[in-house]
Amino acid sequence: MTLVGYFPLEDKMLKEFREFVLRGNVMDLAVAVIIGGAFGKIVTSLVDNILTPLIGLLMGGVDLSGLKTQVGGAVIEWGLFLQAIIDFVIIAFVIFLLVRAINSLKRDQPTTPTTKECPHCFTTIPLKATRCPNCTSQL
């Protein structure tokens, strides 16, 4: 069964949607989300299995996740909240170090100038200009 007869704009809308999805930036975003999820698992494992036990060892074996307070019938597990804050700070710092390392590997591409200043009126003009559009001086 086709809906084209009932909805004449369906073909156009599907075509636009296909073009939208297949554009480079949407596909780049999809790849980034997938890689980000995998990278998040690696960083979480690094924090949970390596850094947090070492920090606990340095702090004398303190386990913050067991700290809780009871108020009436409610149990407030503030130790888990504190542990989540510490995990966030560690994860943010590790990601900062990784991004900093990746950025240091990037090489700055030398840029060639595309504009120049008019020697008469100091207006910024294209490099190939032979006459200033502002003061009409011959360059």
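Tabulated results
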quantity	calculated
Filter result for Val99 (aliphatic (A, V, I, L, M), part of a helix (DSSP H, G or I) and either in contact with a strand residue (DSSP E or B) (Cβ under 6 Å, 6 or more places away or on another chain) or surrounded by 11 or more Cβ atoms within 10 Å (Cβ to Cβ) (or both))	no
Answer from Gln109, Gln83 - the residue that is modelled with pLDDT under 85 and in a loop (DSSP other than H, G, I, E, B)	Gln109
Which listed residue, of Val47, Val62, is under 22 Å from the mean Cα position of the chain (by Cα), outside the structural domain of Lys128 (by TED's automatic domain parsing), of a type outside the set (Ser, Thr, Tyr) and surrounded by 10 or more Cβ atoms within 10 Å (Cβ to Cβ)	Val47
Answer from Glu77, Glu117 - the residue that is among the acidic types (Asp, Glu), at pLDDT 85 or above and not assigned by TED's automatic domain parsing to the domain that holds Leu46	Glu117
Given (1) modelled with pLDDT under 85; (2) over 30 Å from Leu97 (Cβ atoms), index of the condition Gly72 fails	(1)
Among (1) out of contact with any helix residue (DSSP H, G or I) (no Cβ under 8 Å at 6 or more places or on another chain); (2) under 20 Å from Ser45 (Cα atoms); (3) in contact (Cβ under 8 Å) with a residue 12 or more places away in the chain - the single one Leu82 does not satisfy	(1)
Among the candidates Phe7, Phe20, residue that is modelled with pLDDT under 80, touching a helix residue (DSSP H, G or I) at 6+ places or on another chain (Cβ under 7 Å) and among the aromatic types (Phe, Trp, Tyr)	Phe20
Selection count, segment 9-49, where residues are of a type in the set (Val, Ile, Thr) and touching a residue at least 40 places away in the same chain (Cβ under 8 Å)	3
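Yes/no per residue for (1) under 30 Å from Phe20 (Cα atoms); (2) under 17 Å from the mean Cα position of the chain (by Cα); (3) without any contact (Cβ under 8 Å) to a residue 24 or more places away in the chain; (4) surrounded by 10 or more Cβ atoms within 10 Å (Cβ to Cβ):
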position	(1), (2), (3), (4)
Thr69	no, no, yes, yes
Trp78	no, no, yes, yes
Ile95	no, yes, no, yes
Pro110	no, no, yes, no
Cys121	no, no, yes, yes
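The values are calculated or read from the model by the stated rules, or taken from the named source; none is laboratory data. On a predicted model such as this, the values are computed, not experimentally measured, just so you know. Because the Cβ atoms are built from the backbone with ideal geometry, glycine has one as well, and the counts that use them run over all protein chains shown.
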